[in-house]
Structures are given as C-alpha cells and as structure tokens.
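Data first, discussion second: the structure below is written as structure tokens.
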Amino acid sequence: MSSPQPIRLGVAGLGRAFTLMIPTWRDDPRIALTAGTDPRAAARQQFESEFGGRAHASLEALCADPEVECIYIATPHQMHADHVRMAAEHGKHVLVEKPMAINLPDCEDMVQACDKAGVHLMVGHSHSYDGPVLQAHRLIRSGRFGAVRMIQAQYHTDFLYRPRRPEELDTTLGGGVVHNQAAHQMDIVRLLGGGEVRSLRAMTGAWDRSRPTEGAYAALLQFANGAFASLLYSGFAHFDSDEWHDWVGEMGRRKSPADYGKARRSLGTPESAAAEAALKADANFGGSRYRSPESGAPFHQHFGHIIVSCDHADLRLTPRGVMVYGDHERWLDEVPVPPVPRQEVVDELWQVLREGLPARHDGRWGLATTEACLALLESARLQTDVALHHQVPAPPPAP
Ligand SMILES: NC(=O)c1ccc[n+]([C@@H]2O[C@H](COP(=O)([O-])OP(=O)(O)OC[C@H]3O[C@@H](n4cnc5c(N)ncnc54)[C@H](O)[C@@H]3O)[C@@H](O)[C@H]2O)c1
C-alpha cells in the first residue's frame, strides 16, 4: 500500500503568525507548503522564492487553486469569519488561527459553513496543543490522581508593547489581550478543567491611554463539574514571568535576562499607527528585517504558569513536561520535545485529514473558547457573573 501523501497546505496571511509557524510547515514531511496569499507583494515574492510554492494575489484565487486541500487562515481576527466561509465554499478544509472570530454569530456561521460544505474546521495554533498540556490532559483522564478541583493560570508579559497593527489596539476589531491572549489561556484551562465552563466573573485593565485596549485581566471560572479556575494575564508587565520557567520563553527557547525592557525600548514612541504597523510587518515574512526561522527548539513552547490541583496531586506544567506533586512523592513526567516546533498541530491535522479521526480542536470547541473569552469582556463591562450556554466537554486526550 502506498503511504499517504503530504497535506497540500495553502496559507492565507503571511504575517507574524505564519512566520512563527514556518518551522512547523517547512520541516514536517507531512506538510507540503503549496500556495499562499497576502496583499503584500514582498511577502508573495518571498513565499515563491523560499518555498517554491505559488503565491496568489487574492484569497479567492488561493481558494480556487485545485492543488490546495487545506487552508491555514492567519489573517487579522476580524477577517476570519469571511475567510473561513470562502475557503469552505471552495471545498477546502480549514485551520483558522485563534481567536476563531470576534463574536459568536460569526463562529456559528463558520461551523455551519464548514458542515454544509462537508469540510473539516480546526482552530489553532493555540498553546493548548503544547506537549505538556496534552500530557497533563492524559494524566488527568487516567483517573490516577482523582478529580480536578482547581486550576491556576498566570502569565506576565510585555505583549502590549510589541509593535501592533491599529486593529490590535482596538477591542471592537478584535484587539487587546482578551481576544488575543485569553484565547490561548482559556483553551488550555478548558481542556484541563473538563471543557464546560458554567459561569465566569472577570475584571479587565486598560491602563495605558497610548495603547487604548485591555492589556490585563483576571477571571474566575466555575466549571459544570464543580472545578474552578483563576486566569490572570498582564501584557503591561515589567516582570517577565518566564523568569519562573528558568528563562525559557513562550517559543521554547532560552531568553536573556539582560534583554530586560527590550520591547518598550524598541517600540519607543511610534510616529504614527501606520509606522508602528510597518515596524511589525518589517520583522515578519517578506519584511526587510525578516530572517528565516531556525528549526527546532530545546524546550516545549508554553503559555506561562499552569497548575492543576487534583485530589491526589498537583500538576505543574513546565517547558520540559509535567511536574507531578503526588501524595508521597514528586517527579517530572518528562515529555520529549518534538523535533519540529508545534508538531502537535500537524499531528492533529494529519489524524483528521489522513486517518479519519475527529478533530479535538474543532469548530464547536473553538466557539466555546470564544464564548468564554467574550464572556470575560462582558463580565468586566457589566461587573457581574456571566453564564455560558455553548460549552462542550473536553475531547478525549490526544493519542
Ligand atoms: N498562535 C500564535 O502563536 C499566533 C501568533 C501571532 C498571531 N496569531 C494570530 O494570527 C492571526 C494574524 O495575526 P498576525 O499577528 O500574524 O498579524 P499580521 O498583521 O502580522 O499578519 C496578518 C497578515 O495577513 C495579511 N492579510 C490582510 N488581509 C488579507 C487578505 N484579505 N488575504 C490574505 N492576507 C491578508 C496581512 O498583509 C498580513 O501579512 C491572528 O488571528 C492572530 O491572533 C497567532
């Protein structure tokens, strides 16, 4: 029997997210980077020269490309819904970046459009695909440590001081850390907490008038199974909580403490919103400061600190695996670092498109995470608890 062919991937949006995914798409033999599109001509040229793929001038042309079977949509948040619909109408499977969309009707339309077209819809990358998260999920589901009772998730970063497009600083267009970063944290916490958030209460902070969106939040979640969780995020931070991971950063690489304050220093006071957007684009694919990303990383990627308290153990996620603090002893459940960063995304895509398994990060899962993130904003605005109605149970652990 001949072995299955690589997944012929098309990419919509050749910006920052694509730049971060390049090692994954380029280095995993299960992926053939077939075509791409971006309004930036420099990015299209770079795509053709670096990958030998076809660069299309429009998303429509990419969707119509018969060689493409699945489209990775990495365009700005507010475009996700239209772009997913267009891909589905052309019969393409879809992997859409987080956040799935910026309102629930769009998420529902995306699910329906993909169902109607008979194509698969997956949401990601999010850090809930990280190896240690998947391993913690397996440990929890093994039943060995009893029920999950409480989860703590916390991350302090300089997120708001990295160069941004104007929409990224406008909450109504999907800007701010709730749309952007809670999408990761909520996905992890929902996966480990059982999936079904019953209600939440949150507060948000928009403390810097020059960056007029939420840069911080705190949220308390109640799960249907009785577990509860606290989520804390600051993108205004001066303290970099990667220090607590022995200076291993989100991308699984060592950072230098000597780089203290680099984001604020490099950003300075941008002359204009357009100048800041250009600064962002310049460092990414097709930009003058772009460098092709290295393969591999020495550690797992992570999204800050996650501690899961079960009846008979606390599980602390680290860039090496899961530290288990049991009733009588503690140990590191080491998880081998994949040779290709974010390989877990390809694992799931492959299982869905080549092995016929259901997606764990499917559209309904993504919709439920988006509902929880939107509830976080609403709870902060109304200063009240918000009940959730579209939650789904966590899928079985990854094989
Ligand atoms: N998972 C992660 O680690 C991660 C990291 C960064 C961004 N993201 C997500 O990726 C998405 C994009 O964010 P970004 O930071 O890469 O933004 P970006 O501005 O760096 O990239 C977006 C790209 O889309 C292009 N684009 C705009 N309109 C388009 C269209 N109609 N068709 C095709 N391309 C179009 C832009 O020219 C740009 O190159 C967002 O959903 C964001 O949350 C995810």
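So the values come out like this:
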item: The chain, accessible surface, carbon-and-sulfur percent (1.4 angstrom probe); result: 52 percent
item: Extension gain, ASP327 back to ALA258 (0.36 nm per residue minus Cα-Cα distance, nm); result: 20.9 nm
item: The chain: calculated mean residue ellipticity at 222 nm from DSSP helix runs of at least 4, using -39500 (n - 2.57); result: -9500 deg cm²/dmol
item: Three-way shape label, the stretch 338-399, alpha-carbon gyration tensor, a/c 1.5; result: prolate
item: Projected label distance in nm at GLU67 and LYS280, using a 7 Å step from Cα toward the beta-carbon; result: 3.0 nm
item: Under the span-like rule (Cα at least 24 Å along the axis, Kyte-Doolittle mean at least 0.0), DSSP H helices of the chain; result: 363-382
item: Residue-count net charge about MET122 - beta-carbon cut-off 10 Å; Lys, Arg +1, Asp, Glu -1; result: -1
item: Pairwise label distance in nanometres, SER142 with VAL392, each label 7 Å out on the Cα-Cβ vector; result: 2.7 nm
item: Fraction of beta bridges assigned by DSSP in the chain that are antiparallel (%, nearest 5); result: 60 percent
item: R0 of 25 Å, Cβ-Cβ distance LEU220-GLU243: FRET efficiency to nearest 0.05; result: 0.50
item: Relative contact order, percent, the stretch 1-80 [alpha-carbon distance under 8 Å, six or more residues apart]; result: 39 percent
item: Peptides 46-54, 189-197, 159-167 ordered by average Cβ neighbours within 10 Å, highest first; result: 189-197, 159-167, 46-54
item: At R0 = 51 Å, FRET efficiency that the Cβ-Cβ distance of ASP27 and THR384 yields, to 0.05; result: 0.60
item: Surface per residue (accessible, 1.4 Å probe) for the stretch 315-360, Å²; result: 49 Å²
item: Those trypsin sites (Lys or Arg not before Pro) in the stretch 291-399 that DSSP places in a loop and that have at most 14 other beta carbons within 10 Å; result: ARG291
item: Loop GluC sites (Glu not before Pro), the stretch 354-397, which have at most 11 other Cβ atoms in a 10 Å radius of their Cβ (DSSP); result: GLU355
item: Amide H contacts of CYS310 (H built 1.01 Å from N, under 5 Å, at least 5 apart or other chain); result: ARG149, LEU315
item: Per residue solvent-accessible surface (Å²) - the stretch 167-248, probe of 1.4 Å; result: 37 Å²
item: Net charge, GLY252 excluded, C-beta distance under 15 Å - Lys, Arg +1, Asp, Glu -1; result: -3
item: Accessible area (Å², per residue) of the stretch 37-153, counting only protein heavy atoms and a probe of 1.4 Å; result: 39 Å²
item: Contact order normalised by residue count of the chain, Cα under 8 Å, 6+ apart, percent; result: 21 percent
item: Accessible area of THR370 in the full protein assembly, 1.4 Å probe (Å², nearest 10); result: 10 Å²
item: Protection-proxy order for peptides 64-73, 140-149, 221-230, 5-14, each taking the mean of Cβ atoms within 10 Å per residue, highest first; result: 5-14, 64-73, 221-230, 140-149
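The values are calculated or read from the model by the stated rules, or taken from the named source; none is laboratory data. Note that the structure is a prediction, hence the values are computed from the model and not measured. Cβ sites come from the backbone with ideal geometry, for glycine too, and all protein chains shown count toward neighbours. In case anyone asks, the SASA skips ligands and DNA or RNA and just uses the protein heavy atoms, side chains included. Shrake-Rupley method; radii C 1.70, N 1.55, O 1.52, S 1.80 Å.
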